[in-house]
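Quick notes on the structure that follows.
The values are calculated or read from the model by the stated rules, or taken from the named source; none is laboratory data. Quick caveat, the model's predicted, so the values are computed rather than measured. Note that each Cβ is placed from the backbone with ideal geometry, even for glycine, and that neighbours are counted across all protein chains shown. Heads up: the accessible areas ignore ligands, DNA and RNA and are worked out on the full protein's heavy atoms, side chains in. Shrake-Rupley method; radii C 1.70, N 1.55, O 1.52, S 1.80 Å.
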Amino acid sequence: MRDRDPSSSLRLALRRRAASLRSRLASEAGFAVPTVTLMLVAALGMAGVAVSTSIQSQGGVVRDQETKTALAVAESGADQALLQYNRHGLASESNPCEPVSASGPDAEGWCEPVTGIGVNGGAVTYHVKPDAGGGELEIVSVGTFDEVTRRVHISSSSSSGQDIFLGATVQSTDGIALDSNAEIHAGTATNGDITMGPNARQCGVASVGIGKQLTGDGYFSDIDCETSGGTPIEDEISLPPVNQGDAPTSNDNDRFFEQDLISGKKKDACWDGFDGNGNEGSCGPRELLIDSNSSVTLGGSVYSFCKLTLKSNSSLYIAAGAEVTIYFDSPEACGYEDGETQLELLSNSRITSADGEPVNVSLLFVGSPNLATEILLNSNTSVDGPCEQNFVVYAPYADIELNSNTKFCGGLAGKTVHLDSNAQAWTSSGIESWTLPNTAPHYVVDRFVDCTATDVTGAPDEGC
């Protein structure tokens, strides 16, 4: 028998393996196609979710931008209303709506709505409710942008003509503190807490801020400290900023020292950079410095200061019959840094009348929301005389401190009020009738509400 060729055997083996492989691939063809198809569907689905999420996200961003823009439109309407009242004030006693409407207010006190264009071209409508006395102003403004509507409600107060001390002679926005043995014999009000140290006494009706409290045992409801006061009420107060009008340019500053004379050595009093002899002194622009054992008597009406400093045993007298208002300009206008002391009375110095009679003098501090300022009445100083006077320190942006053994008689209002040990503050009989000067109106926002309701059927502030 003849042997088989080895190469032929190899070729036969390869053909058989190829046939077997083709057979296997043919048997799995039905699985490969669906698998690939499913993978394609899954990939397309994931891509679709990503696209859908992106579209929804972009839609949310656009909606958020439209909402914010609509809010800005509403706020711009409120700004327009404030601008009208700050420009014109309550020019007509019979129609408090006159700055924005020829018609008077409705039965609820609201003026006719004013429609216009706000920021970014959005439509705005604002409603104004003025206080007939000019002290308060409510505004509701509705802004619409790309069919998104927002509504805001603001309350504002004017610094012109308000009877600040009606019911409370000592006031502060941030809190009142009495150290040991300090006493207040007057009604008090604050948006913060009232804190009292050992043997300190608050004698007079007190109110604290919402959610705040009075701590200490010496609370009495009468200025003679005879009746326990119980728990103070919670309320909010508003201390509008000082509007000094044209006081920095129209004032009686030129009276120093030819009409407003120095008692004592002329070199010991310095005003606006020069002493009483006309020589260069140690005071800066619009600063009055009175050195020890000297005094100056004011007989003018309106003054514009940056700083007042009374050294030990010095005095600032008010001439008989004079009613004096001293405006202290803002720290920015005076070129001061943060934390400047604009009123400092050192030991045994005093502000009072020249003849011992009651005086009418107001120290009004413009202050700043950005730069802190201080008022310091040091040990044994006295802002007093008979308490049948209108003596006022009004400084809504300043921190007021009455140092040990200091006595103050009149109206006191600041950002904070702090009485050190044995310091005293007393009310005066005429202080409740004192009002902020009737300078040009200057309405400032006290309260802002972003209203949730936009479909209003009743008063403009419904739902706010």
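Checking each residue in segment 425-458 for being acidic (Asp, Glu) and in a strand (DSSP E or B) picks out 446, 450.
A search for C-beta distances below 8 Å between a residue of segment 297-320 that is on the phi > 0 side of the Ramachandran plot and any residue that is open to solvent by 10 Å² or more (accessible area, probe 1.4 Å), counting only pairs 6+ apart in sequence or on different chains, returns 313/292; 313/293; 313/347; 313/348.
With the condition kept exactly as written, say whether any residue in segment 105-114 is in contact (Cβ under 8 Å) with a residue 40 or more places away in the chain, assigned to a loop (DSSP other than H, G, I, E, B) and over 21 Å from residue 72 (Cβ atoms). Checked against the condition, which is being in contact (Cβ under 8 Å) with a residue 40 or more places away in the chain, assigned to a loop (DSSP other than H, G, I, E, B) and over 21 Å from residue 72 (Cβ atoms), segment 105-114 yields at least one hit. Counting only residues that are surrounded by fewer than 19 Cβ atoms within 10 Å (Cβ to Cβ) and among the polar types (S, T, N, Q), segment 298-320 holds 3 of them.
Checked against the criterion of being farther than 12 Å from residue 417 by Cβ and open to solvent by less than 10 Å² (accessible area, probe 1.4 Å), the candidates 207, 156 yield just one match: 156.
Conditions tested, residue by residue: (1) open to solvent by 20 Å² or more (accessible area, probe 1.4 Å); (2) modelled with pLDDT of 95 or more; (3) more than 16 Å from residue 171 (Cβ to Cβ).
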site: 378; (1), (2), (3): yes, no, yes
site: 384; (1), (2), (3): yes, no, yes
site: 389; (1), (2), (3): no, no, yes
site: 395; (1), (2), (3): no, yes, no
site: 400; (1), (2), (3): no, yes, no
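Screening residue 96 with (1) over 18 Å from residue 452 (Cα atoms); (2) assigned to a helix (DSSP H, G or I) gives one miss only, at (2). Cβ separations smaller than 7 Å between residues 6+ apart or across chains give no pair from segment 210-222 residues that are in a loop (DSSP other than H, G, I, E, B) and of a type outside the set (Ser, Thr, Tyr) to residues that are open to solvent by less than 90 Å² (accessible area, probe 1.4 Å) and modelled with pLDDT under 95. Select, from 416, 352, the only residue that is open to solvent by 10 Å² or more (accessible area, probe 1.4 Å), outside any loop (DSSP other than H, G, I, E, B) and at pLDDT below 95. Unique residue meeting the criteria: 352. Go through segment 321-333 and give me each residue that's without any contact (Cβ under 8 Å) to a residue 60 or more places away in the chain and open to solvent by 30 Å² or more (accessible area, probe 1.4 Å). 321, 323, 332, listed by residue number. All of (1) farther than 23 Å from residue 245 by Cα; (2) surrounded by fewer than 17 Cβ atoms within 10 Å (Cβ to Cβ); (3) modelled with pLDDT of 95 or more hold for residue 285 with one exception: (1).
Residues in segment 249-277 that are assigned to a loop (DSSP other than H, G, I, E, B) and open to solvent by less than 50 Å² (accessible area, probe 1.4 Å): 251, 252, 257, 273, 276.
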